[in-house]
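Shown next, in structure tokens, is the structure this report addresses.
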Amino acid sequence: MSTLATKDLTIRFGGHVAVNAVTCSFEPGTLTAIVGPNGAGKTTYFNLISGQLKATAGSVSLGGRDLTGLAPSARTRAGLGRAFQLTNLFPNLSVLENVRLAVQATREGGHRRGLNLWSIWSDHRALTARAEEILRTVAMLDRQDTPVASLPHGDQRKLEVALLMALEPQVYMFDEPTAGMSHDEAPVILNLIRELKKDKTKIILLVEHKMDVVRELADRIIVLTNGTLVADGAPAEVIASSVVQEAYLGISKDADKEAA
């Protein structure tokens, strides 16, 4: 099983250091929540890991393989999966077609097979069966013929998870997965993440502002502020820190007790 690691990962925008020499490793079987105040560098750190931003210094590796110089698509093939990259992959195609294409991309690994009509038909059936299985898992089988562009927001977020599952990544990366979702829709996404957690060969990273979600899902919390890693540990330990609560999470002890 592979470890995801960042070493001295840094990015500067002019004179501003948005992520400052963050060294951290993430093990399979662990869901790590990345928290901190607005502007702390959480999403920027995610962007450096997934390749949306190019690091000024430092490195990203998975299973000992250096990913630092790879484009986002190459990092996806290497095993990094980030939900937002996949939103509305083909908005005019149906839900089923989108998931089937993601399954096909995973199975083919970028290589086309010879044009054998029987293999094309059998492959098509197998790809469709796998896509339907994933849609059943995310409770979207009844929406399989719906064009992606016409899906409500909650179903689009569920489709992100479905596409991510189709790519069978080593690392699942979720950046505020319930953002913009209604009170009734959010539990569906959280239940899907709970199911993903059962696979102890996977690494899950979660950027989340909602501390009730973090408390419930996280095995570990790391805290960023001003781009610097300032806390790392078990959820109870990190949340109980008055420095973290007041300075980095914006939660006073009294408010936290009331929330509990």
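The values are calculated or read from the model by the stated rules, or taken from the named source; none is laboratory data. None of these values were measured; they are calculated from a predicted model. Glycine gets a Cβ as well: all are built from the backbone with ideal geometry, and neighbour counts include every protein chain shown. Side chains are part of the model used for accessible areas, which takes the heavy atoms of the whole protein and leaves out ligands, DNA and RNA. Shrake-Rupley method; radii C 1.70, N 1.55, O 1.52, S 1.80 Å.
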Long-range neighbours under 7 Å by Cβ, at least six apart or interchain, first residue farther than 18 Å from A179 by Cβ and among the polar types (S, T, N, Q) within the range 199-221, second modelled with pLDDT under 90 and open to solvent by 40 Å² or more (accessible area, probe 1.4 Å): T201/M1
Please work out which residue is farthest from K198 (Cα to Cα), limiting yourself to the range 1-10 and to residues that are assigned to a strand (DSSP E or B) and either open to solvent by 40 Å² or more (accessible area, probe 1.4 Å) or out of contact with any helix residue (DSSP H, G or I) (no Cβ under 6 Å at 6 or more places or on another chain) (or both). T10
Does the range 5-21 include one or more residues that are more than 19 Å from the chain's Cα centre (by Cα) and of a type in the set (S, T, N, Q)? yes
Which of the residues belonging to the range 11-48 are among the polar types (S, T, N, Q), open to solvent by 40 Å² or more (accessible area, probe 1.4 Å) and in contact (Cβ under 8 Å) with a residue 12 or more places away in the chain? N20, T23, S25, T43
Verdict on G51 being open to solvent by less than 40 Å² (accessible area, probe 1.4 Å) and touching a residue at least 24 places away in the same chain (Cβ under 8 Å): yes
Give the number of residues within the range 142-164 that are open to solvent by 20 Å² or more (accessible area, probe 1.4 Å) and within 13 Å of R100 (Cβ to Cβ). 2
Filtering the range 150-179 down to residues that are in a helix (DSSP H, G or I) and more than 10 Å from the chain's Cα centre (by Cα) yields S150, H153, G154, D155, Q156, R157, K158, L159, A162, L163, M165, A166
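Conditions tested, residue by residue: (1) under 16 Å from F46 (Cα atoms); (2) outside any helix (DSSP H, G or I); (3) open to solvent by less than 60 Å² (accessible area, probe 1.4 Å); (4) assigned by the TED database to the domain that holds A18.
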{"site": "M181", "(1), (2), (3), (4)": "no, yes, yes, yes"}
{"site": "D184", "(1), (2), (3), (4)": "no, yes, no, yes"}
{"site": "L192", "(1), (2), (3), (4)": "no, no, yes, yes"}
{"site": "L196", "(1), (2), (3), (4)": "no, no, yes, yes"}
{"site": "H209", "(1), (2), (3), (4)": "yes, yes, no, yes"}
{"site": "I221", "(1), (2), (3), (4)": "yes, yes, yes, yes"}
{"site": "L224", "(1), (2), (3), (4)": "yes, yes, yes, yes"}
Of the residues G39, G114, G110, which is modelled with pLDDT under 90, outside any strand (DSSP E or B) and under 25 Å from H209 (Cβ atoms)? G39
